[in-house]
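Read through the structure below, which is laid out as structure tokens, and then see the notes.
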Amino acid sequence: MVRAFREAEIDRAAEIWLDTNVKAHAFISLQYWRAHFEEVRGMLRQAELYVYEDESLHTVQGFIGLEGDYVAGIFVADGAQSGGIGRQLMDYVKALRPRLCLKVYQKNTRAVAFYVKESFHIQDESVDEATGEKEYFMIWNKPFASRSSESPAASCDRIRESACKSRAGC
């Protein structure tokens, strides 16, 4: 079941964040992720987070974080991946927003494929200054959603400029 994050779940969310990043981004040093662990732990407390709780185990198995329309990250525990949790988390936030945008490392091909399957489109490519790794900037627009006067690309470009200045938070 997807629901809002509870403060008491901070340790579990931080554990999932670290484990998932280390495994999904083997091309980035373990020290990089460990060095940002406490910073991210603090950011999680202030973010708009939604968790997937396994009702039979009563444990959080994944979460997604938003900064406005920007998906700061989606993380699913190692043993729970490929079971539809990521899709449930994404569906939940898609119901909340008319558009979403995110950054993903190009070398994280599994995540790129997931986002493409979720109807995200590559808008731009850049290099993450903190890691030197190439990344995609991707956008999703709700089909048939009423459009504001600001184009989806302009809205997400504005978000891209302000959100996720520290890649470790993504």
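General observations
- In the stretch 47-75, the residues that are of a type outside the set (D, E, K, R), within 15 Å of the chain's Cα centre (by Cα) and not in a strand (DSSP E or B): Ala47, Gly68
- The stretch 46-64 - residue that is in contact (Cβ under 8 Å) with a residue 12 or more places away in the chain and farther than 12 Å from Ala4 by Cβ and, of those, surrounded by the most Cβ atoms within 10 Å (Cβ to Cβ): Gly62
- Within the stretch 1-46, considering residues that are small (Gly, Ala, Ser) and part of a loop (DSSP other than H, G, I, E, B), the one nearest to the chain's Cα centre (by Cα): Ala26
- Every condition in (1) surrounded by 18 or more Cβ atoms within 10 Å (Cβ to Cβ); (2) closer than 25 Å to Phe137 by Cβ holds for Ser29 except the one numbered (1).
- Within the stretch 76-87, being outside any strand (DSSP E or B) and in contact (Cβ under 8 Å) with a residue 24 or more places away in the chain holds for Ala77, Asp78, Ala80, Ile85, Gly86, Arg87.
- For the stretch 109-145, filtered to residues that are among the polar types (S, T, N, Q) and not in a loop (DSSP other than H, G, I, E, B), the residue that is farthest from Val93 (Cα to Cα) is Ser126.
- Residue in the stretch 11-18 that is free of Cβ contacts under 8 Å to residues at least 12 places away in the same chain, under 22 Å from Gln106 (Cβ atoms) and of a type in the set (A, V, I, L, M, F, W, C) present: no
- Test: residue in the stretch 33-45 that is under 22 Å from Met1 (Cβ atoms), of a type in the set (Asp, Glu) and without any contact (Cβ under 8 Å) to a residue 60 or more places away in the chain: no
- Which numbered condition Met90 fails, given (1) part of a strand (DSSP E or B); (2) within 12 Å of the chain's Cα centre (by Cα): (1)
- On the stretch given as the stretch 49-69, residues that are at pLDDT 95 or above and either more than 19 Å from Val104 (Cα to Cα) or small (Gly, Ala, Ser) (or both) total 8.
- Check on Arg167, modelled with pLDDT under 95 and out of contact with any helix residue (DSSP H, G or I) (no Cβ under 8 Å at 6 or more places or on another chain): yes
- Taken over the stretch 68-85, the criterion of being buried (at least 17 other Cβ atoms within 10 Å of the Cβ) and under 14 Å from Asp54 (Cβ atoms) is satisfied by Val76, Ala77, Ala80, Gln81, Ile85.
- Test set (1) within 15 Å of the chain's Cα centre (by Cα); (2) over 24 Å from Ser29 (Cα atoms); (3) surrounded by fewer than 16 Cβ atoms within 10 Å (Cβ to Cβ) - Phe144 fails condition number: (1)
The values are calculated or read from the model by the stated rules, or taken from the named source; none is laboratory data. Just so we're clear, the structure is a prediction, and the values are computed from it rather than from any experiment. So basically every Cβ, Gly included, is an ideal-geometry build from the backbone, and we count neighbours across all protein chains shown.
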